[in-house]
Amino acid sequence: MTNLKVIFTPARLRLIFWPLFLVAAVLAVLGAISSSGAIGQRAREPTSPQDGHWYRVDVLGTAGPTPTPPSCPGCWQPSAQSENFDGVTPPALPPDWLAINAQGPPPLWVTSDSGLPTPPADTAPNALFIDDPAVVSDKRLDGWFLDFFEDCCVRLTFRHNFNLEASDVDSNLGFDGGVLELSTDGGNTFQDILAAGGSFVMGGYNRTIATDRGSPIAGRPAWSGNSNGFITTVVDVPAIQKFGRLRWRMASDMSGGNEGWRVDTLHMTWCKGMGPPCTPTPSPPPSCEIIQNNGFESGSFAPWVIQDINPMPVISTAQHYSGIYSAHIGSFPGNETPGDSSFYQTIIVPAGGGTLFFWFWPRTADSITSDWQDIYVTDTSGNVLATILHTCTNTQGWTTTGFDMSPFAGMTVRIKFLVHEDNGGNPTDMFVDEVSLRAPGPCPSVTPTPTVTPTVTPTATATATPTATLTPTPTSTATPTPTGTASPRVTPRPRPTPMPRPTAP
């Protein structure tokens, strides 16, 4: 008999062990590869030879939920800067801002916290200010430096309040005016923001400067006349691939002057690195629209109240800033009705006041000595608390403006729109759209929804009681009781049919 201990020597055991070990290792590797392929497939179902990612473990897929994409995809870095001029002591300008008079007497551009035009600042206490003298002048303020190489989507917003000499007869004509200019070569040369390729989103130039009075900006569109308080201007700044700079410039002519020009609350946004606009990046906080039916898209006035009817205010589709409707007051071309045409809405001004915005489209064949287009804040008796707008203009284009409502915080007031005409045969009218006053926080529920549901629920309970008390026989009264009681509670009350509104010609 053979001795097994002699046959299985250590050398021979090694010869058997290593092949077995290698087989086991190969099986383990193949198992791991197979498992990895299964994980990769589950993370990216379905997997196919065409996707080029056979058996790759998707780490992001197995690590958890996909991360939330950035709020501004394509924009490498949303950026912004602001200036409200409240960090300096008047009349000092912020560092690197440069005021020069290219023509005319002092003063230069300064910061100011008082004086005309009022209010002196959009965000108290300070704003930029320049006077409007009765002689030829060219007063320039070079502000922010711009460096937007490989950036895009630059948007500038600022608030300004101006009362600059303008024609009382021609609403399109200005004598003294302000313009926004842009340099694309580091401040050596400047051109108008529009000529440089920019565009106004809102609050653009409203008049053209006369060419026969010696103004340094003669013939150019500009801000002129009376803004009646601070208004908002938003401008898309053109792409700048070199060092640039912004300039606010006021120019006056050889005769006549006025109160001047104030600029405040500058804010600029842009996208560092090429990408789409990044505004708004964060979600805006909840807010409530105080004005109801603010775009007149219900097709009727309510809850606006028609007050003066010479001629009758109407809802019109002839002009509209948004939607399909706007409100119209005054006389359409071809016929003048003497008297007042007006409507108003009563509101409670929020505790923070807020800013009232509206869009209007004015038209006239007369002058302000005879006809006018007005907007007021009044008390509930109709007494004027503030005149937002008093003009007679023929721009025949949509214009917006803003009015600070903080002096009336917490008060119940009326926002009133009015056109007055004499009997001279020169019609004046105005379209109004998108009247807005927003307050922080969500709107309170206007419709008492909870009262509708309880109305139906008590019906079944209430009908059971009179059935048992009043009628001893359940057969004859059980059926009609719930039917007769529940039906009028669920069905809404019929509303009176509104009177037909006049049709716009």
Inset, instruction - Return the total of residues in segment 86-101 being closer than 23 Å to residue 252 by Cβ and open to solvent by less than 60 Å² (accessible area, probe 1.4 Å). - result: 5
Inset, instruction - Please indicate, with yes or no, whether at least one residue in segment 265-283 is open to solvent by 60 Å² or more (accessible area, probe 1.4 Å), modelled with pLDDT under 90 and closer than 27 Å to residue 347 by Cβ. - result: yes
Legend entry - Selection count, segment 178-208, where residues are within 26 Å of residue 403 (Cβ to Cβ), of a type in the set (A, V, I, L, M, F, W, C) and either in contact with a Cys (Cβ under 9 Å, 6 or more places away or on another chain) or not in a loop (DSSP other than H, G, I, E, B) (or both): 5
Legend entry - Cβ pairs under 8 Å, 6+ apart, first in segment 77-99 and hydroxyl-bearing (Ser, Thr, Tyr), second open to solvent by 60 Å² or more (accessible area, probe 1.4 Å): 79/272; 82/267
Inset, instruction - Look at segment 415-431 and say how many of its residues are of a type in the set (A, V, I, L, M) and over 15 Å from residue 312 (Cα atoms). - result: 1
Legend entry - segment 371-394, residues that are open to solvent by less than 50 Å² (accessible area, probe 1.4 Å), out of contact with any Cys (no Cβ under 8 Å at 6 or more places or on another chain) and outside any strand (DSSP E or B): 379, 382, 392, 393, 394
Inset, instruction - Evaluate the following for residue 226: is it of a type outside the set (Asp, Glu), out of contact with any Pro (no Cβ under 6 Å at 6 or more places or on another chain), open to solvent by 70 Å² or more (accessible area, probe 1.4 Å) and modelled with pLDDT of 90 or more? - result: yes
Inset, instruction - Count, please, the residues in segment 284-336 that happen to be open to solvent by less than 50 Å² (accessible area, probe 1.4 Å), part of a strand (DSSP E or B) and within 25 Å of residue 372 (Cβ to Cβ). - result: 9
Inset, instruction - Please work out which residue is surrounded by the fewest Cβ atoms within 10 Å (Cβ to Cβ), limiting yourself to segment 405-423 and to residues that are under 18 Å from residue 349 (Cα atoms) and in contact with a strand residue (DSSP E or B) (Cβ under 6 Å, 6 or more places away or on another chain). - result: 412
Legend entry - Boolean, residue 134 is outside any strand (DSSP E or B), open to solvent by 30 Å² or more (accessible area, probe 1.4 Å) and within 18 Å of residue 257 (Cα to Cα): yes
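The values are calculated or read from the model by the stated rules, or taken from the named source; none is laboratory data. Keep in mind that what you see is a predicted model, and the values were worked out from it rather than measured. Note that each Cβ is placed from the backbone with ideal geometry, even for glycine, and that neighbours are counted across all protein chains shown. Ligands, DNA and RNA are excluded from the accessible area calculation, which covers all protein heavy atoms including side chains. Shrake-Rupley method; radii C 1.70, N 1.55, O 1.52, S 1.80 Å.
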